[in-house]
Each structure stands twice: as structure tokens, then as C-alpha cells.
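**Q** Dropping the structure in here first, questions after.
The values are calculated or read from the model by the stated rules, or taken from the named source; none is laboratory data. Worth saying up front: this structure is predicted, and the values here are computed from it rather than measured. Glycine gets a Cβ as well: all are built from the backbone with ideal geometry, and neighbour counts include every protein chain shown. Only protein heavy atoms, including side chains, enter the accessible area calculation; ligands, DNA and RNA are left aside. Shrake-Rupley method; radii C 1.70, N 1.55, O 1.52, S 1.80 Å.
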Amino acid sequence: MAGISWHYVLKFIITGDAAVGKSSLLVRLTDQRFLANPDPTLGVEFGSKLITIPEENKIVKLQCWDTAGTESFRSITRSYYRGAAGCLLVYDVTNRTTFENCRTWLADVREHADPHLTCILVGNKVDLCADEGRRREVPTEEAELFAKEEGLLFVEASAKSGQNVQEAFEQATRDILAKIQRGV
Ligand code: GDP
């Protein structure tokens with residue numbers, strides 16, 4: 001990456017219940033890989049990625065932090081959220097509880113993070129509904145409505161297939177750049 005410079009550095013955090021695919025989304029973004037059996041004790045903590053937003057003509061360096069198995073250690077939250085511009089709030093579309101818990105995660109984000117933080121709700125593991133006919137427990141329309149009511153961006157994605165992973169980060173980045181331009 002030597003010689004490549006960027007216009008902005010943005011900190012992203014990835015929150016949500018354990019096993020919804022937070023580390024996998026990060027690995028997919030930064031490494032274009034998927035691990036079917038990642039070691040849960042070795043969660044990925046940090047990943048960095050340069051993305052280009054062509055219509056803005058901007059190169060943005062994303063610095064992404066994952067909770068890496070620390071979901072139950074709530075005391076880390078303050079330092080974890082500090083300085084974050086973007087947040088991926090992740091649930092598993094085949095596990096309703098993980099969606100319902102997004103309300104609690106969102107409350108936590110709102111309590112600790114910058115009020116202008118851009119948050120995108122990510123329904124992960126959509127490949128399971130398509131490929132294996134596993135029962136979807138969270139209808140798209142319901143998640144869409146929740147996102148709208150709460151002022152969140154929304155996307156359904158798959159860390160396994162790669163569907164909408166980079167797009168999720170790009171969508172949030174566009175929103176952050178628009179806020180920066182408006183002086184928010
Ligand atoms: P985290 O605890 O939220 O960081 O979740 P992980 O990234 O460790 O993923 C938990 C499990 O779900 C692992 O077995 C992953 O391989 C699997 N997984 C993650 N994302 C997907 C996905 O998009 N599709 C499928 N089928 N499995 C996934």
C-alpha cells in the first residue's frame with residue numbers, strides 16, 4: 001500500500017450478538033475470504049481497508065474494530081465506541097433473537113457513541129436462506145421498517161458469499177462523507 005494516500009480515515013465498529021458473523025464480515029471485507037470454522041477464541045479484532053467512493057472522487061481508509069468475542073464484557077464499550085464514525089449493527093437473518101437484541105445494542109451505541117454516528121443494520125447469512133432452504137426468521141420488510149423507524153441504513157448480506165459486504169461499508173461511508181460535507 002506504500003504510496004497510496006487517502007482523503008479520510010474513518011473508524012468503524014461492528015456490534016451485535018455473538019456468532020452473527022461480525023468477524024466474518026470483517027475478514028470478507030479486508031481479505032476477501034470466508035472461514036467456515038473460525039476459532040471463536042481468536043476473533044479478528046481489527047482490519048483496515050481502502051475503499052474508493054467514485055462519485056465523490058475520494059479514497060477512504062476504513063479502520064474497523066470488531067468486538068472479537070467480548071460481547072459480554074460491557075465495560076469495554078466506552079473506549080471501543082470512542083471516535084467511531086460508522087457502526088455495523090449485525091444480526092443473523094435465521095436467528096430472530098439476534099435481531100431482537102439489536103434494540104439493546106442500538107441503545108448501547110446511542111448511549112456511548114457520538115450522536116452523529118452513522119449506523120447500518122446488517123442482516124447477515126442470507127446465503128443460508130437461498131442455498132440451504134433454512135428458515136428465515138426475520139422478514140426483510142420487518143428489518144427495513146425497524147431501520148427506518150430508528151434512522152438506520154439497512155442491507156442484507158452474506159459474509160460467506162460476499163454479497164453486499166463491501167456495499168454495506170460503502171453505503172455507510174457515503175452517508176458519513178455527506179455529513180462531513182454538511183459540516184455535521
Ligand atoms: P461473530 O462471533 O459475530 O464474530 O461471528 P463469526 O464471524 O465468528 O461467525 C460465527 C459462525 O457463523 C462461523 O461458523 C461462521 O463461519 C458463520 N458465518 C458467519 N457469516 C456467515 C454467513 O454469511 N453465512 C454463513 N452460512 N455462515 C456464516
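**Q** Nearest 5 percent is fine: what portion of the DSSP beta bridges confined to the chain is antiparallel?
**A** Close to 25 percent.
**Q** Could you work out the relative contact order of the chain, using alpha carbon pairs under 8 angstrom and six or more residues apart, expressed as a whole percent?
**A** Details: 321 pairs, mean separation 44.6, N = 184.
Reported as a whole number, the value is 24 percent.
**Q** Under a straight-distance cross-link criterion of Cα-Cα below 27 Å, which lysines are reachable from residue 160, leaving out those fewer than 8 residues away in the same chain?
**A** Counting by Cα, and skipping residues close in sequence, residue 160 has these lysines nearby: 11, 22, 49, 61, 125, 148.
**Q** Mind checking the range 86-184 for trypsin sites (Lys or Arg not before Pro) that DSSP puts in a loop (not H, G, I, E or B) and that have at most 15 other Cβ atoms within 10 Å?
**A** Those satisfying the criteria are 134, 135, 182.
**Q** Next up: Accessible area of residue 104, 1.4 Å probe, to the nearest 10 Å²?
**A** Taking all protein chains as shown, residue 104 has close to 80 Å².
**Q** For residue 156, list long-range residues whose amide hydrogen, built 1.01 Å from N in the peptide plane, is under 5 Å from its own amide hydrogen.
**A** Those lying under 5 Å, H to H, from residue 156 are 123.
**Q** Something else: Using a 1.4 Å probe, how large is the accessible area of residue 8, given in Å² and rounded to the nearest 10?
**A** For residue 8, the solvent-accessible surface is approximately 60 Å².
**Q** What 222 nm value per residue comes from the helices of the chain, counting each DSSP H run with n ≥ 4 as -39,500 (n - 2.57) and dividing by all residues, nearest 500 deg cm²/dmol?
**A** Value at 222 nm, helices only, nearest 500: -10000 deg cm²/dmol.
**Q** Among 126, 165, 59, flag the residue with its Cα farthest along the positive direction of the charge dipole of the chain, charges on Cβ as +1 for Lys/Arg and -1 for Asp/Glu.
**A** Value: 59.
**Q** The range 9-39 to the range 160-178: how many Å between their Cα centroids?
**A** With the range 9-39 and the range 160-178 each reduced to a Cα centre, they are spaced 13 Å.
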